[in-house]
Amino acid sequence: MDRCGEPYRSWAYREGEQSRLLPELADDLKEDNGLLDDEEEQRVEQILRTYPIVSLRDHGFILPRELAQVGAYMRQGFTAYHYQGLLRSGLDAFFDNFMDSLVLLHSEKGWKWLEIVENLGYRYADLAHQRNVVVAGRVKEIVEAKAHGRVAVIPSLESATPIENEEDRVDILYGLGIRCMGLTYNEANALGSGLAEPRDGGLTEFGKRVIRRMNRIGMAVDLAHCGDQTAMDAIEASEVPVVISHTGARSLWNTPRMKPDSVLQACAAKGGVIGIMAAPNTTRVRERPTHDLEAVMSHFQYVVNLVGIDAVALAPDTMFGDHAGLQRLFEGQLAVARAHGGESFEETPWVAELENPARAMRNMIRWLVRAGYRDDDIAKVAGGNVLRVMAEIWG
Ligand SMILES: [Zn+2]
């Protein structure tokens, strides 16, 4: 059920050169497997049609089928987006970081200012050659995209590391379309401590100045990868609500990547929103041997019970291809082992029912229907809450 679509493929305008540009991609779409009966399925479709459906973190990105090629693929800049998959996803909008932590155009470690800016240019060149996925930076633009059967991508960064010690770069990034930015990734930077640091020194003075600039210009402050103290300091420092774009509850799964109740409650009390994620081996629970839809939605239910349904969103954090393999391959850049440490578990190769963006959001909504959530509550967590908070932040 592609909505308005000629099937554009990334870099089709460079036809003839593509074999040189792109490796073979993991672009297959898994078929649905009937979680619901017909009546429930109709309700899901009705919800998708009626309400804006927004993921606080997902990726249009396609990995190479042969994962060993991903380094070379990232280094040559021309990476591919799965336009058809996005059009099947049920999403009206999603926040994408364009794989920023793995942009390795000029270094093996990532996060360099120039390569982050160049990566945005590459992606926008590709996006500009099709008409089904549009770049958005205002709530009005997301609503318009839905009305025209298009999917809106909201450019985001996982970390402010590339701005180094220059708060004016917040303005440049805003000018380049960025509307949501994490303060840190898993490791510390000039703003504060990341969640994988053994000690958290909290928000720095520079971090405070950056938050002030982000508040004034209208860029959402994201605490998903910050350490707990840095997150608490940022919530206090911000003049407007903040987001924790993709996380889960540490009370259910005791790893640094999950947030403690205190941080979740402080974010909600500030008027912010918390996205529940499904990246492999994050939102697990001890009762289940594997990471699957049920485990992810246990985190959803826990956080709804803790902070109320108005402060919760969905943020599957999926991509097309082997996400778990990617985490292993880029351990040096991502510090995943420390982020996911503290619990013993057998690694899951993928998250059942949440394997890629074409399936994830729709299956989360299916789960909510089956669990007996009312349409108006589903509308809130599937997009309404994010749009309410972004209206306040973006102005
Ligand atoms: Zn992330």
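Arranged by the count of other C-beta atoms within 10 angstrom, fewest first, what order do 310, 96 take?
The most exposed by this proxy come first: 310, 96.
Whole Å is fine, so just give me how far the alpha carbon centre of the range 291-360 lies from that of the range 108-125.
About 25 Å separates the Cα centre of the range 291-360 from the one of the range 108-125.
By the scheme Lys and Arg +1, Asp and Glu -1, what is the net charge of all other residues having a beta-carbon under 14 Å from that of residue 156?
-3
Given the peptides 181-190, 273-282, arrange them by the average over their residues of other C-beta atoms within 10 Å, most packed first.
Highest-to-lowest ranking by the protection proxy: 273-282, 181-190.
Near residue 253, within a Cβ-to-Cβ distance under 11 Å, what is the net charge of the other residues, with Lys and Arg +1 and Asp and Glu -1?
Residues close to residue 253 contribute a combined charge of +4.
Over the alpha-carbon set of the range 46-394, work out the extent along each principal axis and list the three values in angstrom, largest first.
Result, largest extent first: 49, 45, 41 Å.
Taking only DSSP H segments of four or more residues, each worth -39500 (n - 2.57), what value at 222 nm results for the chain once the sum is divided by all its residues, to the nearest 500 deg cm²/dmol?
-10500 deg cm²/dmol
Could you check how many percent of all C-alpha pairs in the range 1-141 are farther apart than 23 Å?
Tail of P(r) above 23 Å: 42 percent of Cα pairs.
Out of all DSSP beta bridges with both ends in the chain, state the antiparallel percent to the nearest 5.
10 percent
How do 255, 230 rank when sorted from fewest to most other Cβ atoms within 10 Å of their own Cβ?
Going from sparsest to densest Cβ surroundings: 255, 230.
Quote the FRET efficiency, to the nearest 0.05, computed for residue 50 versus residue 138 with a Förster distance R0 of 25 Å and r equal to the Cβ-Cβ distance.
After rounding, the FRET efficiency stands at 0.75.
What does the net charge come to around residue 194 if you take all other residues with beta carbon closer than 9 Å to its beta carbon, with K and R at +1 and D and E at -1?
Summing Lys and Arg as +1 and Asp and Glu as -1 gives -3.
When we measure straight from the Cα of residue 208, which lysines land under 24 angstrom away, once same-chain ones fewer than 8 places off are left out?
112, 259, 270
Just rank 38, 100, 27, 317, fewest to most, by other beta-carbon atoms within 10 angstrom.
Lowest count first: 38, 27, 100, 317.
Only the coordinates and a few stated rules stand behind these numbers; no lab work does. Here the structure is a predicted model, which is why all the values come from computation and not from measurement. Note that each Cβ is placed from the backbone with ideal geometry, even for glycine, and that neighbours are counted across all protein chains shown.
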